[in-house]
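Data first, discussion second: the structure below is written as structure tokens.
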Amino acid sequence: MAAACARTLCKVGWTLLDSPAGLRPGTVYRLVGNVSAQGSRRAYGTGGTGVRSKLLSGLRGGGGRVVGCAFLLGGGLGLYHTVKLQVQQHLAEEDTKVSGGGLKLTLYQYKTCPFCSKVRAFLDYHRLPYEIVEVNPVMRKEIKWSTYRKVPILMVDSEVQLNDSSVIISALKTYLINNKPLSSREKGMSEILRCYPELKSVNERGKEVTEYSNKYWLMLSEDETLATYPEKDLQKEEMKWRKWADDWLVHLISPNVYRTTGEALASFDYIVREGKFGAFEGFFAKYVGAAAMFLISKRLKSRHNLQDDVRQDLYEAVNDWVAAIGKKRKFMGGDQPNLADLAVFGVLRVMEGLQAFDDMMENTKVKNWYRRVERASLNYEGPN
């Protein structure tokens, strides 16, 4: 009898959970004590009405006073706790599935940095919850603990530090594939990171730079590689365009968003608004920074051999990208974005709201692809 009642109450509970008035399907939830907290891409907030109130209101609405009192006095509260425990266990299991095996991720970033935007696009698409620490670009006190002084930095479980956007993405993707239920092996993040050794060298300007070996490779077994890249040359194509995004596309952003003094001011107004600046720093950055970047963009144009009208380089680049995808594929990854899709999208996204972005969308063929990747990222459509 008790078991039958419990099963009935479970059905009521799951009906409420699946209803529009209950918890929303397809949303990531984290359990915090006895409260269900609804997860977002960048932060967590408390959810709406709890499971308990939904169940009790449902019971009160349909059985009459006598039956309702008898049920509650006859052990209904105990059955409720049984159901609540099952609900919590189910949500905890779902949270573990969605959160990349329980990794705790903290991203140190500048919001307007294209390399940081690449990492966010990957994390969002793969439904990996993460916390953001916005770094002050002047003082950078938020990363004073790190000998690596650039962003993005991704901390995993507050212990393992991942540097360089492409290393972060490759290491996380390797982790997700290695730790799938049907995978023949499991690797921890520290073990994976050893496959991307840090290399120091001096560039042509005499400045010491840090590079990472293998950063466009996923560290997979032969079976995992075949499952991830079922068609010939897909892996090579993905790596080629990820490197293109880092070595060419990203260098077109600054010359285009700082192309004129007006665009430079508009760009820094956006940077100050979205970034972490104090009042004086914001004023200084907007006007002095805009003037400086307007001049620096001219040097960048010369360094990268860009045309006098840098918009033409941007248009040609994104049209080359669209042509590489072709007319038969939604994405370079086929029906789903691959790492190259997410990288190119992340780089281009930092121009949103600026004149360069509007001009690009109007004068190239990139719009349909861009909106498809945007939807896939915002809707967390990637495998996990």
Single condition R205 does not satisfy, out of (1) more than 24 Å from P337 (Cβ to Cβ); (2) assigned to a loop (DSSP other than H, G, I, E, B); (3) in contact (Cβ under 8 Å) with a residue 24 or more places away in the chain: (3)
Subset of segment 179-199 (residues that are modelled with pLDDT of 85 or more and in contact with an Asp or Glu (Cβ under 6 Å, 6 or more places away or on another chain)): L199
Hits in segment 223-268 (condition: surrounded by fewer than 17 Cβ atoms within 10 Å (Cβ to Cβ), more than 18 Å from I169 (Cα to Cα) and of a type in the set (S, T, N, Q)): T260, T261
Hey, S297 more than 30 Å from L103 (Cα to Cα), surrounded by 15 or more Cβ atoms within 10 Å (Cβ to Cβ), hydroxyl-bearing (S, T, Y) and touching a Leu at 6+ places or on another chain (Cβ under 6 Å) or not: no
Residue satisfying all of: in segment 335-364; outside any helix (DSSP H, G or I) and in contact (Cβ under 8 Å) with a residue 24 or more places away in the chain; most open to solvent (accessible area, probe 1.4 Å) among these: Q336
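What do you reckon, is V156 in contact with a helix residue (DSSP H, G or I) (Cβ under 6 Å, 6 or more places away or on another chain) and at pLDDT 95 or above?
In short, yes.
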Where S99 falls short, out of the listed (1) open to solvent by less than 10 Å² (accessible area, probe 1.4 Å); (2) within 24 Å of R349 (Cα to Cα); (3) modelled with pLDDT under 95; (4) not aliphatic (A, V, I, L, M): (2)
Yes/no for E381 being modelled with pLDDT under 95 and either farther than 21 Å from D246 by Cα or part of a loop (DSSP other than H, G, I, E, B) (or both): yes
Residue within segment 193-201 that is under 29 Å from S254 (Cα atoms), of a type in the set (D, E, K, R) and not in a loop (DSSP other than H, G, I, E, B) present: yes
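The values are calculated or read from the model by the stated rules, or taken from the named source; none is laboratory data. Note that the coordinates shown come from a computational prediction; the quantities given were computed from them, not determined experimentally. Please note: Cβ atoms are built from the backbone with ideal geometry, for glycine as well, and neighbour counts cover all protein chains shown. In case anyone asks, the SASA skips ligands and DNA or RNA and just uses the protein heavy atoms, side chains included. Shrake-Rupley method; radii C 1.70, N 1.55, O 1.52, S 1.80 Å.
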